[in-house]
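Visitor: One structure, pasted below without further comment.
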Amino acid sequence: MKKKLIIIGAGMATGRALETLLVTAPDAYDVTLFNAEPRGNYNRIMLSPVLAGDKTYAEIETHDAQWYADNGVTCRFGEKIASIDRVAKTVTAANGDVLAYDKLMFGTGSNPFIIPLPGHDLEGVIAYRDLEDTERMMGLGPVSKCVVIGGGLLGLEAAAGMAARGVDVTVVHIMGHLMERQLDEAAGYLLRRALVDKGITIKCSANSKEILGKDGYVRALLLDDGTELPCDLLVMAVGIRPNVALAAEAGLAVGRGIHVDDQMLTSDADILAVGECVEHDGAIFGLVAPLYDQARVAAKTLLGEHATFVQKELSTKLKVTGCDLFSAGDFADGDGREDIVFRDPARGVYRRLVIENDVVIGAVMYGDTADSNWFFGLIRDKTDIAEMRDTLIFGPAYQGGTPLDPLAAVAALSRDAEICGCNGICKGQIEDAIAAGAGDLAAIKATTKASASCGTCTGLVEQVLAATLGDDFVLPAAASICACTDMTHEDVRRMIKSQRLTSMPAVWQECGWKTSCGCHVCRPALNFYLLADWPLEYQDDPQSRFINERKHANIQKDGTFSVVPRMWGGITTPDELRAIADAADKYAVPTVKVTGGQRIDLLGVKGEDLPAIWADLNAAGMVSGHAYSKGLRTVKTCVGTDHCRFGTQDSTGLGIKLEKTLWGSWTPHKLKLGVSGCPRNCAEATCKDIGVVCVDSGFQISIGGAAGMDVRETELLVQVATEEETINLIKAITQSYRENARYLDRIYKWMGKVGMDWIKERVVEDLAERAALVERFELSQTIYRRDPWADHVRDKSQSYRPLANFSLEAAE
Amino acid sequence: MSDWMDIAALDDVPQRGSRVVKTPGGCVAVFRTAEDEVYALNNSCPHMGGPLSEGIVHGASVTCPLHNWVFSLETGQARGADIGRVDTYPAKVENGRILLDKATLNQRIVA
């Protein structure tokens, strides 16, 4: 007599198990197949092509009604199991039918995870899991808008499929780059770029706050920064959870999934489980290869044969509509691990191999995955690669040849890529000049004007010469930013501007960075360049900042911090002084010192007390003095016409106005200002980065002073008549310095490189350029002119505390 | 066999960042890399005692905020020309939680 097998769930895993069972022993079991979806087994992986319109449902159906009939499978589709009685060995269907079993197999799959945002139950909020969801998306017309929450594989496939149908799609992803589990940042950047080219809007590091509805139907997604994204349909593709509810009710052992042993048996020897619902040795499964392995083992177990399920090294080779990606193994950095990185900016190719003890242990590839199987083989077989190390990254076909070309990034630039920003000279014009006989830098300068103004693009011009002339041009050695790149600061700044690079991974890729994520030298520089050039597009990265700027206080040699509240123009009040004194008492500040910038320094504050002391100072109306920043520090003043018998102008008032307009701005190095009310210069304005000396007829603005390792007097830039013009000029100078100087150059060093005439021409003489600089400065200040202390007290105070504190107790 | 202790959620430490666990024997710095690996090291640079948890994390290394010594998060060894080593302690992530070795923490409490 045939034994009875009941299968719960007609998915890909149970489908494969059933096929194996029927082929091996067609008469062993009477099979009844329950499925909650009103249909049989189809290839769920192919839903994306169905969505994109490349395939129809009929083409992705694995088992049709005829197949089930031919194989004698009793189908109960659209029916759920209500309960299981393991003692009586029966299941009860939703309609009350009680069916006996000898063996029971779970294939209940997984449930999409729905984030419980306010509004998640509105009509029009769906997951991306089954044919119904797919049909909802296919129902959108070409003028509709859709928001997809989740930048993983599923979310991106949904987005790409809908975009192919002309839907206006925005992807909202909580992490900093797409598909962060499978890809590193660099590959994530390339993927993003490709999807943006398809017309998809991508928002990373975006937190969803609420789903907004109208008459019970979704109308928009609200992000926590206040952005509202209108949509006609909202797809949540943020992950799946094994569906264990029925198994748990039946009293089977479950963790994240239904526990199974190597034979796919659950804690009940007559009940098996396969697929996405199982947990085996701590792991759960989402890719199809291990599911098929499980299915094969389950079929053998049902037939009383011995088989063992073994977890294997997994690779992911994915295609998100036209973007080839591959990742395998472990691609985390680590000691004793070395990276081999290959970037071809021209073709948008990125390859990274992680090597440990002469064995490849991980690989990420983007753009060209043709060799991925070969690399995966090296990982799986733990092949010793010592012999082929130098050429490994090029893949199996590589036979001899030249090493990586350091000029690749420049060679890849198009002819219309701007090289010299001052004179608007593109790569093509330089190439033409070379073709016409210009063979060195001086000749290029003379014929095209490229690099003849500020000179910061000199490195790039030389690289164009080298790439064009080959061996006929000897590239002068220039110091690169750090060991991560061959490019100089100037080269990279130029690339960021002319190629519109607005993220760190974009710079790493397009400038051919040799490390996966930079180092403590280049990251702070890149962070500054990006936020200075793209204040709206780029989001400041605290983790790429030195501790002082990350925690908005100056670290001291014992690990404590100093706190300096701002005193606008050096003016304070008895109330502020009382609040400072109270704070010093309350937080047991060991040293209180008056600084050279006319304010008060509280030294020796513990890191975990920072938010509290800031909150107290904020309550008294004080804000951060940015005494720690590569940014505006102080505007030192004298008392001017308020009190002084020699004062010619209101120097204190002007100082306060300048400080209130400039504070919060980030600059290449610290920026100190002084305003003196007369040429006696009590505010020492002529040794500041920017100084103003008031005279009867107006205001003398001078720049490039220093009183540190170098001591220098400022040089006069211009004299103007009004306070308003003074303020505008200083904004323009500051912005020009922000846009053009190399990171960690004070104004005097920058001035030494570009020349006073160059600065004067742009800031003083060219009124249109001055106005544009002021406008760009103000645009940036709409984002950065705010008190970081108040922001951190409100949003980040938790991060200043220890993760855990065992100083008073045992760890038990 | 390690006896693990749940310390905090992985997300309580920013990527390429660090936070400390306080013990009577000094602070343990818990680091999280861009690839979500977690390391625990003594929070004191062998050079001048700088708090490594305040440093910039790059790859599986951290740079001391006081004088830019660079240490491997895996071995605690100084990189480059500097010579020195920081103690490292067992740490791991499981189900989105950071776990440290109980014995290590107890040792620091007795110390």
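Every read-out reported here was derived from the displayed coordinates using simple, explicitly stated rules and does not represent laboratory data. Remember, predicted model here, so these are calculated numbers, not experimental data. Neighbour counts are summed over all protein chains in view; Cβ atoms, including those assigned to glycine, are modelled from backbone coordinates with ideal geometry.
Visitor: Only Lys, Arg, Asp and Glu count, each charged at its Cβ (+1, +1, -1, -1), so figure out the dipole size of chain A about its Cα centre, rounded to 20 debye. Mind showing how you got there, number by number?
Guide: Numbers: 85 positive and 110 negative charges, 311 e Å.
The calculated dipole for chain A is roughly 1500 debye.
Visitor: Alpha carbon centre of the stretch A:249-265 versus the stretch A:29-43: separation in Å?
Guide: Each part's Cα centre sits 21 Å from the other's.
Visitor: Please compute the alpha carbon radius of gyration of the stretch A:185-237, then divide it by the globular-protein estimate 2.2 N^0.38 Å. Two decimals is fine. It would help to have the intermediate numbers written out before the result.
Guide: Working: Rg = 13.3 Å, N = 53, 2.2 N^0.38 = 9.9 Å.
The stretch A:185-237 yields a ratio of 1.34.
Visitor: Could you state, as a whole-number percent, how many of the C-alpha pairs of the stretch A:559-640 are farther apart than 16 Å? Before the final figure, lay out each step's value.
Guide: Working: 1587 of 3321 pairs.
In whole percent, the long-distance tail amounts to 48.
Visitor: Which log10 I(q)/I(0) values does the stretch B:4-110 give at q = 0.17 Å⁻¹ under the Debye formula, counting every alpha carbon as one identical point scatterer?
Guide: Cα-only, vacuum Debye calculation for the stretch B:4-110: -0.71.
Visitor: A further question on this structure: What spacing in nm lies between the two simple spin-label points modelled at A:Asp121 and A:Glu761, each 7 Å away from Cα in the Cβ direction?
Guide: 6.8
Visitor: Next up: Check cross-link reach from A:Lys214 to the lysines: straight Cα distance under 18 Å, and skip same-chain residues fewer than eight apart.
Guide: Candidates past the 8-residue exclusion: A:Lys145.
Visitor: Could you pull the Rg and Dmax for the stretch A:638-788, using just the Cα atoms, both in Å?
Guide: When restricted to the Cα atoms of the stretch A:638-788, Rg and Dmax are 14.6, 42 Å.
Visitor: Moving on to the next point. Does the stretch B:1-59 come out rounded, prolate or oblate by the C-alpha gyration tensor, with a ≥ b ≥ c the root eigenvalues, rounded set by a/c under 1.5 and, if not, prolate when a/b is larger than b/c and oblate if not? Working shown, then result.
Guide: On the way: a/c = 1.87, a/b = 1.09, b/c = 1.72.
Here the stretch B:1-59 falls in the oblate category.
Visitor: Mind checking which of B:Ala91, A:Thr170, A:Leu610 is farthest towards the positive end of the protein assembly as shown's charge dipole, using Cβ charges of +1 (Lys, Arg) and -1 (Asp, Glu) about the Cα centre?
Guide: A:Leu610
Visitor: Give me the compactness ratio for the stretch A:1-136, meaning the Cα radius of gyration over 2.2 N^0.38 Å.
Guide: For the stretch A:1-136, the normalised Cα radius of gyration is 1.18.
Visitor: Restricting to Cα atoms and excluding each atom paired with itself, what does the Kirkwood estimate give for the stretch A:315-394 in Å?
Guide: Mean inverse Cα-Cα distance, inverted, gives 12.7 Å.
Visitor: Over the stretch A:1-88, what relative contact order in percent results from Cα pairs under 8 Å that are six or more residues apart? Before the final figure, lay out the partial values.
Guide: On the way: 109 pairs, mean separation 30.8, N = 88.
RCO, the stretch A:1-88: 35 percent.
Visitor: Straight-line reach only, C-alpha to C-alpha below 17 angstrom: list the lysines that A:Lys4 could link to, leaving out same-chain residues fewer than 8 apart.
Guide: Leaving aside lysines fewer than 8 places away in the same chain, those within reach of A:Lys4 are A:Lys89, A:Lys103, A:Lys300.
Visitor: From a point 7 Å beyond the Cα of B:Lys92 in the direction of its Cβ, which residues of the stretch B:1-41 have a backbone N at a distance under 12 Å?
Guide: Within reach of a label on B:Lys92: B:1-5.
Visitor: Efficiency by 1/(1 + (r/R0)^6): what FRET value for A:Phe646 and A:Ala707, r their Cβ-Cβ distance, R0 = 25 Å, to the nearest 0.05? Could the numbers behind the result be given before it?
Guide: On the way: r = 23 Å, r/R0 = 0.92.
According to the calculation, E is roughly 0.60.
Visitor: Could you work out, residue by residue across A:516-523, how many beta carbons of other chains sit within 10 Å of that residue's beta carbon, and then give the average as an integer?
Guide: On the way: counts 4, 7, 4, 6, 11, 4, 1, 5.
Per residue, the average neighbour count from other chains is 5.
Visitor: Say R0 is 22 Å: what FRET efficiency, to the nearest 0.05, do A:Lys312 and A:Ala248 get from their beta-carbon distance?
Guide: 0.20
Visitor: Just tell me which aspartates and glutamates come within less than 14 Å, Cα to Cα, of A:Lys606; anything on the same chain fewer than 8 places away is out.
Guide: In chain and number order, the partners are A:Asp558, A:Asp585, B:Glu54.
Visitor: Quickly rank A:775-787, A:284-296 as a protection proxy: mean count of other C-beta atoms within 10 Å, highest first. Before the final figure, lay out the partial values.
Guide: Numbers: A:775-787: 16.1, A:284-296: 19.5.
Sorting A:775-787, A:284-296 by mean packing, highest first, produces A:284-296, A:775-787.
Visitor: In this model, which of A:Lys203/A:Lys497; A:Lys2/A:Lys312; A:Lys203/A:Lys657 are farther than 26 Å apart at the alpha-carbon? It would help to have the intermediate numbers written out before the result.
Guide: Working: A:Lys203/A:Lys497 22 Å; A:Lys2/A:Lys312 35 Å; A:Lys203/A:Lys657 37 Å.
Those over the limit are A:Lys2/A:Lys312; A:Lys203/A:Lys657.
Visitor: Once Rh for chain A is found with the Kirkwood sum over Cα pairs, what is the Stokes-Einstein diffusion coefficient at 37 °C and 0.692 mPa s, in µm²/s? Before the final figure, lay out each step's value.
Guide: Values: Rh = 31.3 Å.
So the translational diffusion coefficient is about 105 µm²/s.
Visitor: For the pairs A:Lys670/A:Lys753; A:Lys660/B:Lys22; A:Lys557/A:Lys672, note any where the Cα-Cα span goes beyond 28 Å.
Guide: A:Lys660/B:Lys22
Visitor: Separation between the A:Ala88 and A:Glu132 pseudo-spin-labels, each 7 Å from Cα along Cα→Cβ, expressed in nm?
Guide: 3.0
Visitor: Within 10 Å of each Cβ in peptide B:14-24, how many partner chain Cβ atoms are there on average? Round it to a whole number, please. Intermediate results must be reported in sequence, preceding the final value.
Guide: Values: counts 6, 5, 8, 4, 2, 7, 7, 7, 9, 8, 5.
Neighbouring Cβ atoms belonging to other protein chains average 6 per residue here.
Visitor: Specify which residue in the list A:Pro590, A:Gly161, B:Gly49 is farthest towards the positive end of the charge dipole of the protein assembly as shown, using unit charges on the beta carbon of Lys, Arg (+1) and Asp, Glu (-1), about the Cα centre.
Guide: Value: A:Pro590.
Visitor: Which one of A:Ser451, A:Leu191, A:Ala706 is farthest out on the positive end of the charge dipole of the protein assembly as shown, using unit charges on Cβ (Lys, Arg +1; Asp, Glu -1) and the Cα centre as origin?
Guide: A:Ala706
Visitor: What angle do you read, to the nearest 10 degrees and between 0 and 90, between the alpha-carbon axis of helix A:372-381 and the longest principal axis of chain A?
Guide: 70
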